[in-house]
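Below is one structure; the comments refer to it alone.
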Amino acid sequence: MLRIAMIAHDGKKADLVSFLLHNKELFRSSQLIATATTGSFLEKAGFKVTKVLSGPSGGDAQIGAKVANGEVDFVFFFRDPLGKHPHEPDVQMLMRLCDVHNIPLATNPASAEFLLKGMIADEHTDI
């Protein structure tokens, strides 16, 4: 079972929910982990989610710790590059940890679509 972290800044939560709903069958068999507010949006859309704290309260750091401990396989973090975020250091830390631990990270719908296609292709590849 894939363990996928889901995070979205406030201005991008609707985009993330829409992306998941469009691909719901692929995500229903995965373990979804989300920051609190994003997780609430996903639950309202019908997804089962394990929630951590909200991003500004340390949720990004909690997901970063899960990445560092090998507890996350993919991160979907729909970022709002035009907004101000008081927890930006935690966001940067999470992105750095994804790079350090070679965890795929999608930060917008276009990169998420490509990551999803790679996930599907990997399921159908005999290794």
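The values are calculated or read from the model by the stated rules, or taken from the named source; none is laboratory data. Just so you know, these numbers come straight off a predicted model, no measurement behind them. Every residue, glycine among them, receives a Cβ derived from its backbone with ideal geometry; neighbour counts consider all protein chains shown.
Just need a number here: residues in segment 7-46 that are among the small types (Gly, Ala, Ser) and crowded, with 19+ Cβ neighbours inside 10 Å.
Residues that pass the stated criteria total 3.
Given the criterion modelled with pLDDT under 95, touching a strand residue (DSSP E or B) at 6+ places or on another chain (Cβ under 8 Å) and of a type outside the set (Val, Ile, Thr), identify the matching residue among Ser54, Ser30.
Values: Ser54 fails: touching a strand residue (DSSP E or B) at 6+ places or on another chain (Cβ under 8 Å).
One residue alone meets the criteria, Ser30.
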On the given criteria, is Phe27 in contact (Cβ under 8 Å) with a residue 24 or more places away in the chain and either among the aromatic types (Phe, Trp, Tyr) or under 17 Å from Leu116 (Cα atoms) (or both)? no
Residues that are at pLDDT below 95 and either acidic (Asp, Glu) or on the phi > 0 side of the Ramachandran plot (or both), drawn from segment 96-127: Glu113, Asp122, Glu123, Asp126
Mind checking which residues of segment 1-19 are part of a helix (DSSP H, G or I) and more than 18 Å from Gly59 (Cβ to Cβ)? Ala14, Asp15, Ser18, Phe19
